[in-house]
Protein chains: 2
Amino acid sequence: MSVEESTSRPAPRTARGARTRARLLQAAEDVFATVGYPEASIVRITELAGVALGTFYVHFTGKKEIFDEVVLDLSRRVRQAMSEASSAAPDRLQAERDGFRAFFAFTAEHPALYRIIRQAEFVSPEVMRTHYDDICSGYASGLDRAMGAGEIRQLDPMVAAWALMGAGELIGMRWVLWEEGGQIPDPVFEQLMRLIEGALAPTPTDGESR
Amino acid sequence: MSVEESTSRPAPRTARGARTRARLLQAAEDVFATVGYPEASIVRITELAGVALGTFYVHFTGKKEIFDEVVLDLSRRVRQAMSEASSAAPDRLQAERDGFRAFFAFTAEHPALYRIIRQAEFVSPEVMRTHYDDICSGYASGLDRAMGAGEIRQLDPMVAAWALMGAGELIGMRWVLWEEGGQIPDPVFEQLMRLIEGALAPTPTDGESR
DNA sequence: ACGAAACATGAATCACCTTTCATGTTTGGC
DNA sequence: GCCAAACATGAAAGGTGATTCATGTTTCGT
């Protein structure tokens, strides 16, 4: 009747256990983001966390399990940052702006997100897929609502969500992750917004009969 | 005075050598795409290629070198497929259609491209960056020309290239790589084209004075 | 403040992988 | 057809890192 995976460790039962587990997770995030999964050894993670090697196996069954947890955690955090930022917007265009701003800010603050997600394809395809699915369905339902209100043109919200997410992802990689500035240049952001605006804006041809 | 990297092996001097090298490259592409870089051992590659373990080191200095060559090769092939497909188009919109069609077709035929490029971030960041830079600068110069001809609106061609490339990449991942069909569904393709058309189309506001 | 369960430790084990090298085989220019 | 260079081989050396476990320490409910 347990909901837990049979291969995972029981949750910590004491404050000390929880603390150690959290330190291991944080260290793992750093190590995975810095040297990548192949080079990330358990020894490295435990050394950075400041715990003994054997302690790792008290909390996790292996490298893949801790990787999955790190991905899930990052995914949850970026989604929350984006939805929080865009929820207060008065209209769809502003929601797009706020959501993307939050995404780029998160990327700047947590480069680990990109670097780790991109490795997940092989380490843990399911968890990677879940991450993108979760982001995009949230995005798509926002578009759907705006479409109902006539704010944007009629289109398949899922396709639009994946396409726009992809645009943001590569722009973020190029101008946030690969530049030391850490913040997206305003002109780049504005250009991206123009593109998105153009892609979503209702057009005269929308109402055509044939 | 040599142009070669000091760490790379000399090119094969006989037909047999060239054949063996090619088999190793093909095997490496398969192994990297199937099990990922971390799990890809030289033993596995040589076994799939049908050569002895030691033979590998006759042709490559190590795992990273053969990985780089595989990435470079895939990158060159996809760029050629895309530019060939779009070069004959009469206008920009058709060039977009043809280029993206070619990209999705290549993805369907060589899933290795995605799977391998995504791992390159850590294995070989320079080579990954080169791949995206090369694709996007080709794309951007096409947009630049169309902009000069007034076919599309005034915008930063680099930002547009990276954004549209990203849109194509995620759409390809979701509907080509992750679906067994292997071919992008027509409605999805058409939706993507509508978005791109909207993003690039000249708008009345383009000519405004302020 | 007691004691049982939870937690932490790190040396030792085990499995696997990279790389080398001495030796044998094939190739292709002459 | 000869032979020097190129190529292929696989056993073995040398590492590295994942995982286990017997033992010691801390926590926390009572």
Consider B:F106 carefully, then state whether it is more than 15 Å from DNA strand D (Cβ to nearest atom) and either of a type outside the set (V, I, T) or surrounded by fewer than 17 Cβ atoms within 10 Å (Cβ to Cβ) (or both). yes
Inside the range B:173-186, can you point out the residues that are at the interface with chain A (Cβ under 9 Å from one of its Cβ atoms) and either touching an Asp or Glu at 6+ places or on another chain (Cβ under 8 Å) or touching a residue at least 12 places away in the same chain (Cβ under 8 Å) (or both)? B:M173, B:W175
Residue identified as assigned by TED's automatic domain parsing to the domain that holds B:I117, basic (K, R) and over 22 Å from A:V188 (Cα atoms) among B:R153, B:R145, B:R194: B:R194
Checking the condition open to solvent by 40 Å² or more (accessible area, probe 1.4 Å) and either within 16 Å of DNA strand D (Cβ to nearest atom) or within 14 Å of chain B (Cβ to nearest Cβ) (or both), which residue from A:L53, A:L113 passes? A:L53
Return only the number of the condition from (1) at pLDDT 95 or above; (2) small (G, A, S); (3) in a loop (DSSP other than H, G, I, E, B) that A:A95 does not satisfy. (3)
Working only within the range A:4-42, note down all residues that are near DNA strand D (Cβ under 10 Å from one of its atoms), touching a Phe, Trp or Tyr at 6+ places or on another chain (Cβ under 9 Å) and more than 21 Å from B:R118 (Cα to Cα). A:I42
Tell me, please, whether a residue that is within 16 Å of DNA strand C (Cβ to nearest atom) and touching a Lys or Arg at 6+ places or on another chain (Cβ under 6 Å) can be found in the range A:29-39. no
Note on B:L93: of the conditions (1) within 16 Å of DNA strand C (Cβ to nearest atom); (2) surrounded by 15 or more Cβ atoms within 10 Å (Cβ to Cβ); (3) farther than 20 Å from B:Y114 by Cα, unmet is (1)
Residue check, B:Q191 open to solvent by 10 Å² or more (accessible area, probe 1.4 Å), facing chain A (nearest Cβ under 9 Å), over 27 Å from A:S124 (Cα atoms) and not β-branched (V, I, T): yes
Could you list all residues from the range A:116-134 that are hydrophobic (A, V, I, L, M, F, W, C), surrounded by fewer than 21 Cβ atoms within 10 Å (Cβ to Cβ) and within 11 Å of the chain's Cα centre (by Cα)? A:I117
Restricting the first residue to the range B:121-135 and requiring it to be more than 10 Å from chain A (Cβ to nearest Cβ), which pairs with a second residue that is in a loop (DSSP other than H, G, I, E, B) meet a Cβ separation below 6 Å and a spacing of at least six or different chains? none
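The values are calculated or read from the model by the stated rules, or taken from the named source; none is laboratory data. Since the structure is predicted, the reported quantities are computational estimates derived from the model, not experimental observations. As a convention, Cβ positions derive from the backbone with ideal geometry for all residues, glycine included, and neighbour counts pool all protein chains shown. The protein model used for the area step is the full one, side chains on, heavy atoms only, and it has no ligands, DNA or RNA in it. Shrake-Rupley method; radii C 1.70, N 1.55, O 1.52, S 1.80 Å.
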